[in-house]
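Chemist: Okay, handing you the structure first.
The values are calculated or read from the model by the stated rules, or taken from the named source; none is laboratory data. Please read all numbers here as calculations on a predicted model, not as lab measurements. Cβ placement follows ideal geometry from the backbone for every residue including glycine, while neighbour counts extend to all protein chains displayed. Heads up: the accessible areas ignore ligands, DNA and RNA and are worked out on the full protein's heavy atoms, side chains in. Shrake-Rupley method; radii C 1.70, N 1.55, O 1.52, S 1.80 Å.
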Amino acid sequence: YRTEPRDYAAEGLLAGDYGPAVEGQRLAEYVIHPHAIDPALTTVNGVGVTVDGTDGFLRYDAKEAIEPFGLISGFHSFRRTPDHSRQLGIAVWRFPTEQNAGSATQVLHDTLLSRYDVTDGLSLGPETSVALPQVPGTLASTYRHEKSYLPGETHTVRTFTARGTFVIYTQVDETVTDDEDPDTTWATDTTVRAVQQQQVLLDRFPATATEQIATLSIDVDKVLGRAVGFLDSEPAYYSDAAVYGPAGWLHFASHPARTRAVFKGTGTDRVAMLNSTVYRTGSDEGALTLRDEFAEITLENYPDLIEDASAPQNVPGTTCWTGDVATGRMSVCLMVYGRYMAELSGRRPLDDISPDTLGTFPQRVAAQYTKFVRAEELGLGEN
């Protein structure tokens, strides 16, 4: 792993072809958090940047349908209740012109009304168009289907709303058990509030001019240069090489409300995601507080982890935990250096599909500390 921190600005490295992904990362700050609509929606069920389609949550040929309209980038965030009974997903996609966004909205909606889907081996669809007068201009549809792991049926409401050069998508799933008179009030109310609040928040987004997207900075405030990078053999996604503001990063947090509070209390304003996650707080004390809070969250999420004195490899300011979790063997380290806190993890999965990241864990911990030290020596500060 590279141990010399990169100063992307000094090297003249701008986003270039990666620009749409950077714009999607910026957009994350202006996508509504599902848990803000309903605090019971705590479990992440899909989140990230997209630049080449609508991802898999539409379950149709949506990518092909909107290809003529030139999707630039987008960001989506899905959360559900722990018992799977309710879910809200929100996505925002950007197009080159308002006309393209409007056309994409209509095509996506029409696709849902004319095509079939297969879930749990059942043929579904087409969906039924419904009116939502509370959100004028929104195209909505609904359908019901069974899921093998839930009682009753799942009532789903989907919407598409053109907003300038953007398309807002919402998906609400609610389990209903009364076949004769199902109560779907929550699904409708949640959909309306999500669309309304997303429109207001999106209007505040300082979108980058299309012709300037390639000139975006890869490393805002030089936090990404401190994170451990990926080897060529390791998978990385558009959401993984990223710098987020606190609101954008909360889409990935396991405890969003709690994390939001500690971010505010510690002055955490930048989060860089690579092969490690680096948080910039407002002070050295803030980094320690953030570490302590994240340690509690980690052990709540993985109660079988125990403190591992050997994992830090004598790296100063580092505390680690190791243990068996449901998906395999896992190690987590939290490292504090000045006002920065780094989070690293490795997992040896039980299956033969997921990558084994535990073998490289010691090297990444060492590389992280070296990068912190060298960044300080080089005076790697804000852009």
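Chemist: Residue 236 versus (1) farther than 30 Å from residue 11 by Cα; (2) open to solvent by 50 Å² or more (accessible area, probe 1.4 Å); (3) aliphatic (A, V, I, L, M): which is the lone unmet condition?
Modeler: (1)
Chemist: While we're here: Looking only at residues that are touching a residue at least 12 places away in the same chain (Cβ under 8 Å) and among the hydrophobic types (A, V, I, L, M, F, W, C) in the range 125-147, which one is surrounded by the fewest Cβ atoms within 10 Å (Cβ to Cβ)?
Modeler: The initial filter retains those residues of the range 125-147 that are touching a residue at least 12 places away in the same chain (Cβ under 8 Å), namely 125-130, 132, 134-135, 137-147.
This time we only want the ones that are among the hydrophobic types (A, V, I, L, M, F, W, C), so: 130, 132, 135, 139-140.
Details: 130: 14, 132: 17, 135: 21, 139: 21, 140: 23.
In this case the residue turns out to be 130.
Chemist: Pairs only if they're at least six apart or on different chains, beta carbon under 6 angstrom, first in the range 201-217 and at pLDDT 95 or above, second acidic (Asp, Glu) and surrounded by 11 or more Cβ atoms within 10 Å (Cβ to Cβ); list them, first residue then second.
Modeler: Taking only residues 6 or more apart or on different chains, the pairs are 208/23; 213/23.
Chemist: For a quick check of your reading: which strands (runs of 3 or more DSSP E) sit entirely within the range 1-108 and have at least 2 residues that are under 21 Å from residue 196 (Cα atoms)?
Modeler: Qualifying strands (runs of 3 or more DSSP E): 73-80, 86-94.
Chemist: May I pose another question? Just to be sure before I move on: is residue 150 assigned to a loop (DSSP other than H, G, I, E, B), at pLDDT 85 or above and surrounded by fewer than 23 Cβ atoms within 10 Å (Cβ to Cβ) in the structure I sent?
Modeler: Answer is no for this residue.
Chemist: Quick test of your reading of the structure: residue 332 fulfils all but one of (1) out of contact with any strand residue (DSSP E or B) (no Cβ under 8 Å at 6 or more places or on another chain); (2) in a strand (DSSP E or B); (3) of a type in the set (A, V, I, L, M). Name the failing condition by number.
Modeler: Only one criterion is unmet by residue 332, namely (1).
Chemist: Right, next: In the range 283-291, is there at least one residue being under 25 Å from residue 31 (Cα atoms) and either in a strand (DSSP E or B) or not hydrophobic (A, V, I, L, M, F, W, C) (or both)?
Modeler: Of the residues in the range 283-291, the ones under 25 Å from residue 31 (Cα atoms) are 290.
With either in a strand (DSSP E or B) or not hydrophobic (A, V, I, L, M, F, W, C) (or both) added as a condition, the list becomes none.
Checked the range 283-291: no residue is under 25 Å from residue 31 (Cα atoms) and either in a strand (DSSP E or B) or not hydrophobic (A, V, I, L, M, F, W, C) (or both).
Chemist: Right, here's the next one. The conditions are (1) modelled with pLDDT under 95; (2) open to solvent by less than 20 Å² (accessible area, probe 1.4 Å); (3) within 26 Å of residue 220 (Cα to Cα), and residue 382 fails exactly one of them. Which is it?
Modeler: (2)
Chemist: Oh, and also: For the range 81-117, give me each residue that is open to solvent by less than 40 Å² (accessible area, probe 1.4 Å) and under 30 Å from residue 257 (Cα atoms).
Modeler: 81, 85, 87, 88, 89, 90, 91, 92, 93, 94
Chemist: Write out, first by first residue and then by second, each pair whose Cβ atoms fall under 6 Å of each other, whose residues are 6+ apart or on separate chains, and whose first residue, in the range 323-334, is more than 19 Å from residue 352 (Cα to Cα) while the second is acidic (Asp, Glu).
Modeler: Matching pairs, first to second residue: 323/304; 334/343.
Chemist: Which ones in the range 293-317 are closer than 19 Å to residue 357 by Cα, more than 22 Å from the chain's Cα centre (by Cα) and polar (S, T, N, Q)?
Modeler: Hits for the range 293-317 are 310, 313.
Chemist: Is there a residue being among the aliphatic types (A, V, I, L, M) and open to solvent by 70 Å² or more (accessible area, probe 1.4 Å) anywhere in the range 200-208? Talk me through it step by step, then tell me what you get.
Modeler: Pass one, the range 200-208, residues among the aliphatic types (A, V, I, L, M): 200-202, 207.
Restricting the remaining residues to those that are open to solvent by 70 Å² or more (accessible area, probe 1.4 Å) gives 200.
Yes, there is a match, as at least one residue in the range 200-208 is among the aliphatic types (A, V, I, L, M) and open to solvent by 70 Å² or more (accessible area, probe 1.4 Å).
Chemist: If we keep just the residues of the range 211-231 that are β-branched (Val, Ile, Thr) and outside any loop (DSSP other than H, G, I, E, B), which is least open to solvent (accessible area, probe 1.4 Å)?
Modeler: So the residue we want is 213.
Chemist: Moving on. For residue 345, which of the numbered conditions (1) more than 22 Å from residue 258 (Cβ to Cβ); (2) in a strand (DSSP E or B); (3) open to solvent by 10 Å² or more (accessible area, probe 1.4 Å) fails to hold?
Modeler: All conditions pass for residue 345, except number (1).
Chemist: Identify all residues within the range 1-53 that are free of Cβ contacts under 8 Å to residues at least 24 places away in the same chain, over 19 Å from residue 226 (Cα atoms) and open to solvent by 10 Å² or more (accessible area, probe 1.4 Å); write none if there are none. Steps first, answer last, please.
Modeler: Filtering the range 1-53 down to residues free of Cβ contacts under 8 Å to residues at least 24 places away in the same chain leaves 10-12, 52-53.
Of the ones still in play, those that are also over 19 Å from residue 226 (Cα atoms) are 52-53.
The answer is 52, and nothing else.
Listed here are the residues, each with its yes/no results for (1) at pLDDT below 95; (2) of a type in the set (Asp, Glu); (3) out of contact with any Cys (no Cβ under 7 Å at 6 or more places or on another chain).
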residue	(1), (2), (3)
310	yes, no, yes
321	no, no, yes
340	no, no, yes
345	no, no, yes
365	no, no, no
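Chemist: For the structure I just gave you, tell me whether residue 56 is open to solvent by less than 50 Å² (accessible area, probe 1.4 Å) and either more than 17 Å from the chain's Cα centre (by Cα) or not polar (S, T, N, Q) (or both).
Modeler: Considered against the rule, which asks whether it is open to solvent by less than 50 Å² (accessible area, probe 1.4 Å) and either more than 17 Å from the chain's Cα centre (by Cα) or not polar (S, T, N, Q) (or both), residue 56 comes out as no.
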